[in-house]
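Colleague: Below: one structure in structure tokens.
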Amino acid sequence: MIVHMDFIPTRAAALAQLERFLPHAARYAGQRNFDLGHGNHHGVSWLSPYIRMRLITEEEVTRAVLAKYSARSAEKFLQEIAWRTYWKGWLEMRPEVWTDYRLSLETFHRSDEYQQAIHGKTGIACMDHWVNELSQTGYLHNHARMWFASIWIFTLKLPWQLGADFFLTHLLDADPAVNTLSWRWVAGLHTPGKHYIARASNIEKYTNGRFNPAGQLDEQAKPILLDRNYERRPLVLPNTPKPQGRVGHLMFPEDLAVPPSEIGEIHASAAYLPPDLETSPRVAGFLNQAIYHTLSERQGSQLEGDFTTALEDWIAEEKLDSVVISYLTIGTTKDFISKYALPPNIHTFVRTWDRLLWPHATAGFFKLKTILPKIHTSLAPVRKDDLFPDV
Ligand SMILES: Cc1cc2nc3c(=O)[nH]c(=O)nc-3n(C[C@H](O)[C@H](O)[C@H](O)COP(=O)(O)OP(=O)(O)OC[C@H]3O[C@@H](n4cnc5c(N)ncnc54)[C@H](O)[C@@H]3O)c2cc1C
């Protein structure tokens, strides 16, 4: 039985987790591939549910690492932080990858084999274990996610889209861009012809012998054939606004961080959690609590019910002249909000981190990785007390 590991959905918990992890950041490259089981994921940071909601931002984590280490000694960890940014930027320029994936979900028959897989009854011990670990904790180690996706696609011969959907429902860090594109990467659709094959020997080595599915995996499978060529669209980002008068900050679960300082004074804060995000009760609870705690810290209001009515009421109540929102990246929240016509006094801001890095997500990760040292040099390191005042 897996004991539930609590990710506490607050910024204070995110900062505490970062502080706990920082002494290990330089050893990350050597340890990150080992999945030693639930409760023993000490080689990795466990920061993703926090970064995913921007209870702590990629830039803050990067600055904190650079305040303690040289960019070279923590290079691998700093690069992993940038992978999320890469996937998000890449998807922004190919929105049809997301729309096709979402539409395709309607077309698949949820077969007996699929039911067995999602209920941990495949007979492949590691796979059945990971299904339970994921449903019971909302977290899986990166290597387990790679093995899981590979076994799902190449051994169980199930559609990658249904596996991605299962992850999106159960992961506390469920991120439409990272999840969809990682599944496509494993399938061999991101870099056509290059797929990720889970091998029993690799699983045995990196689970420290906990699992060895020798003879149970298809280790010879061919990559999934490219479904469609997605043309890259230009990345068009709005200029960060300088709103006038009384300004409200409206948040969605994608970004709970405070707005950039150039926005100026914020007079009121609110958040809206779209009702149909199709997550597990555990994930829904995590998102709700994260919003609740964030709003408590900022004396903000949670908007509920019909989105436009709630928004208009809040604007009127707070006598707001304008409202700022963080740029909504491709995904379920954006799909939901796009159904509504937003009032003209809503302004979108783009965080500097995204603005600097997304334009380099045109092709493979290598291009973005190459400019990272330059970005790192441009970031002034934080002093420890700036980031951890109360922890
Ligand atoms: C099939 C598949 C699906 C995935 N789905 C998601 C998802 O929905 N949401 C999600 O946040 N991550 C996803 N990942 C990426 C990765 O597994 C997680 O970000 C990581 O395991 C989170 O745990 P951690 O914070 O302890 O990781 P650490 O290894 O400590 O990494 C630190 C941070 O770097 C970033 N990061 C690390 N690895 C990756 C990666 N491969 N891609 C993008 N960012 C990365 C994350 O922000 C993470 O919090 C997926 C990977 C695979 C193979």
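The values are calculated or read from the model by the stated rules, or taken from the named source; none is laboratory data. On a predicted model such as this, the values are computed, not experimentally measured, just so you know. FYI the Cβ positions are ideal-geometry reconstructions off the backbone, even for glycines, and counts take in every protein chain you see. The protein model used for the area step is the full one, side chains on, heavy atoms only, and it has no ligands, DNA or RNA in it. Shrake-Rupley method; radii C 1.70, N 1.55, O 1.52, S 1.80 Å.
Colleague: Please verify whether segment 197-207 includes one or more residues that are open to solvent by 10 Å² or more (accessible area, probe 1.4 Å), more than 8 Å from the ligand (Cβ to nearest atom), in a loop (DSSP other than H, G, I, E, B) and within 19 Å of ARG32 (Cα to Cα).
Modeller: yes
Colleague: Let me ask something else. Checking the conditions here, which among TRP90, TRP46, TRP83 is open to solvent by 20 Å² or more (accessible area, probe 1.4 Å), among the hydrophobic types (A, V, I, L, M, F, W, C), at positive phi and at pLDDT 95 or above? Please lay out each step first, then the result.
Modeller: Working: TRP90 fails: at positive phi; TRP83 fails: at positive phi.
Going through TRP90, TRP46, TRP83 in turn, just one is open to solvent by 20 Å² or more (accessible area, probe 1.4 Å), among the hydrophobic types (A, V, I, L, M, F, W, C), at positive phi and at pLDDT 95 or above: TRP46.
Colleague: Looking only at segment 14-29, how many residues end up being free of Cβ contacts under 8 Å to residues at least 40 places away in the same chain and under 20 Å from the mean Cα position of the chain (by Cα)?
Modeller: Count: 2.
Colleague: Please state which one of THR240, THR207, THR191 is outside the structural domain of ALA310 (by TED's automatic domain parsing), in contact with a Lys or Arg (Cβ under 9 Å, 6 or more places away or on another chain) and among the polar types (S, T, N, Q). Walk me through how you get there before you give the answer.
Modeller: On the way: THR207 fails: in contact with a Lys or Arg (Cβ under 9 Å, 6 or more places away or on another chain); THR191 fails: in contact with a Lys or Arg (Cβ under 9 Å, 6 or more places away or on another chain).
The conditions single out THR240.
Colleague: Would a scan of segment 300-321 turn up a residue that is surrounded by fewer than 18 Cβ atoms within 10 Å (Cβ to Cβ), under 19 Å from the mean Cα position of the chain (by Cα) and farther than 28 Å from THR169 by Cα?
Modeller: no
To keep it simple, each residue is scored yes or no on (1) among the aliphatic types (A, V, I, L, M); (2) more than 24 Å from GLY39 (Cα to Cα); (3) in contact (Cβ under 8 Å) with a residue 60 or more places away in the chain; (4) open to solvent by 10 Å² or more (accessible area, probe 1.4 Å).
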| position | (1), (2), (3), (4) |
| --- | --- |
| GLU113 | no, yes, no, yes |
| TYR139 | no, no, yes, yes |
| ALA149 | yes, no, no, no |
| TRP152 | no, yes, no, no |
| LEU156 | yes, yes, no, yes |
| PRO159 | no, yes, no, yes |
| THR169 | no, no, yes, yes |
| ASP175 | no, no, yes, no |
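Colleague: Of the residues that make up segment 13-32, is at least one in a loop (DSSP other than H, G, I, E, B), at pLDDT 95 or above, open to solvent by less than 60 Å² (accessible area, probe 1.4 Å) and over 22 Å from ILE291 (Cα atoms)? Walk me through it before giving the result.
Modeller: Here is the first cut: in segment 13-32, the ones in a loop (DSSP other than H, G, I, E, B) are 32.
Of the ones still in play, those that are also at pLDDT 95 or above are 32.
Filter once more, so that each one left must be open to solvent by less than 60 Å² (accessible area, probe 1.4 Å): 32.
Checking which are over 22 Å from ILE291 (Cα atoms) leaves us with 32.
Yes, that holds for at least one residue.
Colleague: It is to be established whether one or more residues within segment 374-382 are at pLDDT 95 or above and either open to solvent by 40 Å² or more (accessible area, probe 1.4 Å) or under 16 Å from GLU58 (Cβ atoms) (or both). Working first, answer last.
Modeller: So in segment 374-382, the residues at pLDDT 95 or above come out as none.
The answer is no, given that none of the residues of segment 374-382 is at pLDDT 95 or above and either open to solvent by 40 Å² or more (accessible area, probe 1.4 Å) or under 16 Å from GLU58 (Cβ atoms) (or both).
Colleague: Regarding segment 331-339, can at least one residue be identified that is closer than 22 Å to PHE252 by Cα, among the polar types (S, T, N, Q), open to solvent by 70 Å² or more (accessible area, probe 1.4 Å) and not assigned by TED's automatic domain parsing to the domain that holds ALA174? If you could, list the steps in order and put the result at the bottom.
Modeller: First pass over segment 331-339, keeping only residues closer than 22 Å to PHE252 by Cα: 331-339.
Within this subset, residues satisfying the condition of being among the polar types (S, T, N, Q) are 332-333, 338.
Now drop any that are not open to solvent by 70 Å² or more (accessible area, probe 1.4 Å), which leaves 338.
If we keep only those that are not assigned by TED's automatic domain parsing to the domain that holds ALA174 as well, we get 338.
Yes: segment 331-339 contains one or more residues that are closer than 22 Å to PHE252 by Cα, among the polar types (S, T, N, Q), open to solvent by 70 Å² or more (accessible area, probe 1.4 Å) and not assigned by TED's automatic domain parsing to the domain that holds ALA174.
Colleague: Give GLU75, GLU96 a once-over and let me know the one that is within 30 Å of PRO234 (Cβ to Cβ) and over 15 Å from the mean Cα position of the chain (by Cα). Write out each step before concluding.
Modeller: Numbers: GLU75 fails: within 30 Å of PRO234 (Cβ to Cβ).
The match here is GLU96.
Colleague: With the requirement that a residue be touching a helix residue (DSSP H, G or I) at 6+ places or on another chain (Cβ under 8 Å), under 18 Å from GLN161 (Cβ atoms) and assigned to a loop (DSSP other than H, G, I, E, B), what does segment 104-122 give you? Explain how you work it out, then say what you get.
Modeller: Here is the first cut: in segment 104-122, the ones touching a helix residue (DSSP H, G or I) at 6+ places or on another chain (Cβ under 8 Å) are 104-105, 108, 110, 114, 117-122.
In the following step, the residues that additionally are under 18 Å from GLN161 (Cβ atoms) were identified as 104-105, 108, 110, 114, 117-118.
Result: PHE108, ARG110.
Colleague: Further question on the same structure: Is it true that ARG102 is under 22 Å from LEU171 (Cα atoms), assigned by TED's automatic domain parsing to the domain that holds THR207 and open to solvent by 40 Å² or more (accessible area, probe 1.4 Å)?
Modeller: Details: under 22 Å from LEU171 (Cα atoms): yes; assigned by TED's automatic domain parsing to the domain that holds THR207: yes; open to solvent by 40 Å² or more (accessible area, probe 1.4 Å): yes.
The answer is yes for ARG102.
Colleague: Can you name the residue in segment 162-184 that is more than 15 Å from TYR114 (Cβ to Cβ) and of a type in the set (Ser, Thr, Tyr) and, of all such residues, is farthest from the ligand (Cβ to nearest atom)?
Modeller: Here the residue is THR180.
Colleague: Say we look at segment 246-266 and pick out the residues that are among the hydrophobic types (A, V, I, L, M, F, W, C) and in a loop (DSSP other than H, G, I, E, B); which of these is most open to solvent (accessible area, probe 1.4 Å)?
Modeller: Within segment 246-266, the subset among the hydrophobic types (A, V, I, L, M, F, W, C) is 247, 250-252, 256-258, 263, 266.
If we keep only those that are in a loop (DSSP other than H, G, I, E, B) too, we end up with 252, 256-258, 266.
Numbers: PHE252: 10, LEU256: 3, ALA257: 15, VAL258: 88, ILE266: 51 Å².
Applying the filter and picking the extreme gives VAL258.
Colleague: Further, regarding this structure: Considering each residue of segment 44-62, count those that are in contact with a Ser or Thr (Cβ under 9 Å, 6 or more places away or on another chain) and touching a residue at least 60 places away in the same chain (Cβ under 8 Å), and give that number.
Modeller: 6
Colleague: If we keep just the residues of segment 232-264 that are modelled with pLDDT of 95 or more and among the acidic types (Asp, Glu), which is nearest to GLU204 (Cα to Cα)?
Modeller: Checking each candidate, the answer is GLU254.
Colleague: Go through segment 136-161 and report how many residues are under 16 Å from PHE108 (Cα atoms) and within 11 Å of the ligand (Cβ to nearest atom).
Modeller: Start the filter on segment 136-161 by keeping residues that are under 16 Å from PHE108 (Cα atoms), which leaves 152-153, 156-161.
Checking the rest, the ones that are also within 11 Å of the ligand (Cβ to nearest atom) come to 152-153, 160.
Total satisfying the criteria: 3.
Colleague: Quick check on my filter: what residues within segment 271-324 are among the polar types (S, T, N, Q), under 30 Å from VAL131 (Cα atoms) and touching a Ser or Thr at 6+ places or on another chain (Cβ under 9 Å)?
Modeller: Step one: filter segment 271-324 for residues among the polar types (S, T, N, Q), giving 279-280, 288-289, 294, 296, 299, 301-302, 308-309, 322.
This time we only want the ones that are under 30 Å from VAL131 (Cα atoms), so: 279-280, 288-289.
Hits for segment 271-324 are THR279, SER280, GLN289.
Colleague: Exactly one of (1) in a loop (DSSP other than H, G, I, E, B); (2) among the charged types (D, E, K, R); (3) at pLDDT 95 or above is unmet by GLU96. Its number?
Modeller: Looking at each condition in turn, GLU96 falls short on (1).
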